[in-house]
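I have placed the structure first, in the form of structure tokens, so that the comments after it can refer back to it.
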Amino acid sequence: SCRAVIFDLDGVLTDTAIYHFYAWKALADKLGIAFDEHDNEQLKGVDRLGSLRWILQKGGVSLSSADESRLMQQKNAHYLQLIDHITPDNLYPGVQPLFTALRQSGIKIGLASASKNAAFVVERLGIAAQFDYIADANKVINSKPDPEVFLLAAKGLGVAPPHCIGVEDAQAGIEAINRAGMKAIAIGDAAVLNGALKIYPDVAAITLTDLLNV
Ligand code: G6P
Ligand code: MG
């Protein structure tokens, strides 16, 4: 039975994915490396260093770790500037009703994000207090598809993995949920996402009954 639902953040609860894309694109342009929205699909769920290295590799560039740190800092400063206007209006439709239904059913709500900005974003979305536990990139060593961030969330919630459902929009995230021994629900396109028990176009399409029957 389902005792907790653990959500990814970027692309599941809000569309910050587009701002990550803009900031990476600006950096890639500066480095003279071609980078488009299709490339960006590969970076969903991938942490900051992993994303930078993916772009550098595409351009056939390898840098010192000092240079990598400098570029990551630049990208993040730009990203923070781009998301500076985020308010509760940026919460995807359907999120609040689903959270309310879960709370009323006694099902715990967790977050498992690969972003170091997760706490800031959920604060600005006005939903921070609704999570029973937040696991993010600041608290783990291994990035998705490693299950670490989902396992940490389950531990923080005090719920065994088989009683947890994970909700993800990234292939790396679905893999992480499965490797954690949880049930995976995907948000997005069935043509590109594999390994989930169910797939929905967006969070608004998920009902509490669906989750109880997974
Ligand atoms: C999430 C997003 C990625 C992003 C990563 C790291 O997984 O899907 O696009 O690169 O978090 O985010 P951060 O805010 O730590 O740079
Ligand atoms: Mg995501």
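Structure data summary
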| read-out | value |
| --- | --- |
| Cβ-Cβ under 6 Å pairs, at least 6 apart or on other chains, segment 1-20 side part of a loop (DSSP other than H, G, I, E, B), far side within 9 Å of ligand 2 (Cβ to nearest atom) | Asp8/Glu168; Asp8/Gly173; Leu9/Ser113; Gly11/Ala17; Gly11/Asp169; Val12/Asp169; Val12/Ile187; Thr16/Asp10 |
| Unique residue being more than 14 Å from ligand 1 (Cβ to nearest atom), among the small types (Gly, Ala, Ser), more than 16 Å from the chain's Cα centre (by Cα) and not in a helix (DSSP H, G or I) when the list is Ala191, Ala204, Ala184 | Ala191 |
| Segment 134-154, residues that are in contact with a strand residue (DSSP E or B) (Cβ under 8 Å, 6 or more places away or on another chain) and surrounded by fewer than 21 Cβ atoms within 10 Å (Cβ to Cβ) | Ile134, Leu152 |
| Which numbered condition Ile55 misses (of (1) touching a helix residue (DSSP H, G or I) at 6+ places or on another chain (Cβ under 6 Å); (2) touching a residue at least 40 places away in the same chain (Cβ under 8 Å)) | (2) |
| Selection count where residues are within 13 Å of ligand 1 (Cβ to nearest atom) and either under 14 Å from Ala114 (Cα atoms) or of a type in the set (D, E, K, R) (or both), scope segment 24-41 | 4 |
| Any hit, segment 107-117, residues being of a type in the set (Val, Ile, Thr), within 14 Å of ligand 1 (Cβ to nearest atom) and not in a strand (DSSP E or B) | no |
| Odd one out for Gln74 among (1) in contact (Cβ under 8 Å) with a residue 24 or more places away in the chain; (2) within 9 Å of ligand 1 (Cβ to nearest atom) | (2) |
| Qualifying residue in segment 24-35 (condition: within 16 Å of ligand 2 (Cβ to nearest atom), surrounded by 16 or more Cβ atoms within 10 Å (Cβ to Cβ) and not in a helix (DSSP H, G or I)) | no |
| Near pairs, Cβ below 9 angstrom, 6+ apart or cross-chain, from segment 128-157 (under 14 Å from Ala118 (Cβ atoms)) to any residue that is within 16 Å of ligand 2 (Cβ to nearest atom) and among the aromatic types (Phe, Trp, Tyr) | Phe131/Phe7; Ala135/Phe150; Lys144/Phe150 |
| In segment 36-54, the residues that are polar (S, T, N, Q) and not in a helix (DSSP H, G or I) | Gln42 |
| Tabulated pairs, segment 111-122, first over 16 Å from Leu49 (Cβ atoms), second within 11 Å of ligand 2 (Cβ to nearest atom) and not in a loop (DSSP other than H, G, I, E, B), C-beta under 6 angstrom, 6+ apart or interchain | Leu111/Phe7 |
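A short reminder: the numbers here are calculations on the coordinates, not readings from a lab. These figures come from a predicted structure and were not determined experimentally. Here the Cβ is made from the backbone with ideal geometry for all residues, glycine too, and neighbour counts use every protein chain on show.
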